[in-house]
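In what follows, a structure is listed as C-alpha cells, so that the remarks can point back to it.
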Amino acid sequence: MDEAQILKHIIESRKSSFPRDYTDQEIPHEILEEILNSARFAPNHKKTKPWRFQLFRKNEKAGLGQKLAEIYKETTPSQIFLEKKYIDISSKISRADAVITVSVNFSGLVPEWEEIAAVAMAVQNMYLTCTAHKVGCYWSTPGMIKHIDEYLQLEPNQKCYGLFYLGKI
Ligand SMILES: Cc1cc2nc3c(=O)[nH]c(=O)nc-3n(C[C@H](O)[C@H](O)[C@H](O)COP(=O)(O)O)c2cc1C
C-alpha cells in the first residue's frame, strides 16, 4: 500500500470502541506517548496549542472514577438517581487501561470555537493513531465533566470537554 492508501485505510477503519470491549492487556508506554504526541500536530489558529490533556492510569485513574461517581451522586436529584449508574461510572473507568481528560485552554487570541475545533482535531489525531496501533478508544462527554474542572486543577480560562478512554482490544 502506498501512503495515500494507508491513510485511507486508517481513516475508514477508525471507530469508537468502549471499555466493555477492552482486554486486560496494557498499552505499551511508547504507544501511549505516540498517541499523545500525534495530538500536537493538529492545526491551530495563531499556534495557540489550545489542548490540555491529562493522562490517568492505575491509582490516579481509580481516583478520577471515584470523583466522577461522587459528582453524579451530588448533582443528580434523588428521584432520578440510579445506584447502577453510580457503580457503573467507576467500573467503566476501571475497564480502561488509560483515560485522558480533554480540556481546552482559551487564549483569548482567537474565537473560542476555533480553539474547541482545534482540540477536536487533536482528538481525531489520537483516534487515528489508536487505530494504527490497534488500541481501542472513544471520546465520552458525560454530564459530570461540567463539574470536574477544579479536580483537574484547571485555570479559569480552561474547561474540560470530555474523557478519552483507551484500552487494548
Ligand atoms: C465530541 C464527541 C462527544 C462524544 N460523546 C460521547 C458520549 O458521551 N458517549 C458515547 O457513547 N459516545 C460519545 N461519542 C462517540 C460517538 O458517539 C461515536 O463516535 C459514535 O458512536 C460513532 O461511532 P464511531 O466513532 O465508531 O464512528 C462522542 C464523540 C464526539 C466526537
Next on the checklist: Quick check on segment 9-23. Is at least one of its residues touching a residue at least 40 places away in the same chain (Cβ under 8 Å) and away from the ligand (no atom under 16 Å from the Cβ)?
Outcome noted: yes
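Only residues that are over 27 Å from residue 105 (Cα atoms) and part of a loop (DSSP other than H, G, I, E, B): list them for segment 19-55, please. Can you show your working first?
Narrowing segment 19-55 to residues over 27 Å from residue 105 (Cα atoms): 19-28.
22, 23, 24, 25, 26, 27, 28, listed by residue number.
Residue 71 - would you say it is closer than 19 Å to residue 17 by Cβ and surrounded by 15 or more Cβ atoms within 10 Å (Cβ to Cβ)? Walk me through it before giving the result.
Details: closer than 19 Å to residue 17 by Cβ: no; surrounded by 15 or more Cβ atoms within 10 Å (Cβ to Cβ): yes.
When the stated conditions are applied, residue 71 does not pass them.
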Checklist entry - Just for segment 111-167: of the residues that are closer than 21 Å to residue 33 by Cβ and among the β-branched types (Val, Ile, Thr), which one is nearest to the chain's Cα centre (by Cα)? => result 123
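What is the residue count in segment 134-163 for residues that are near the ligand (Cβ under 10 Å from one of its atoms) and either in a strand (DSSP E or B) or farther than 17 Å from residue 85 by Cα (or both)? Let's see the steps before the verdict.
From segment 134-163, those near the ligand (Cβ under 10 Å from one of its atoms) are 137-143, 145, 161-163; that's our starting set.
Narrowing further to those that are either in a strand (DSSP E or B) or farther than 17 Å from residue 85 by Cα (or both): 137-140, 161-163.
The number of residues fulfilling the criteria is 7.
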Next on the checklist: So if I check each of 38, 17, 13, which one is over 17 Å from the mean Cα position of the chain (by Cα) and polar (S, T, N, Q)?
Outcome noted: 13
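Just to be sure before I move on: is residue 167 closer than 16 Å to residue 31 by Cα and among the small types (Gly, Ala, Ser) in the structure I sent? Break it down stepwise before answering.
Working: closer than 16 Å to residue 31 by Cα: yes; among the small types (Gly, Ala, Ser): yes.
Here the answer is yes, as residue 167 does meet what is asked.
Values in this text are rule-based calculations from the coordinates and carry no lab data. Given the structure is predicted, the values throughout are model-derived calculations rather than measurements. Every residue, glycine among them, receives a Cβ derived from its backbone with ideal geometry; neighbour counts consider all protein chains shown.
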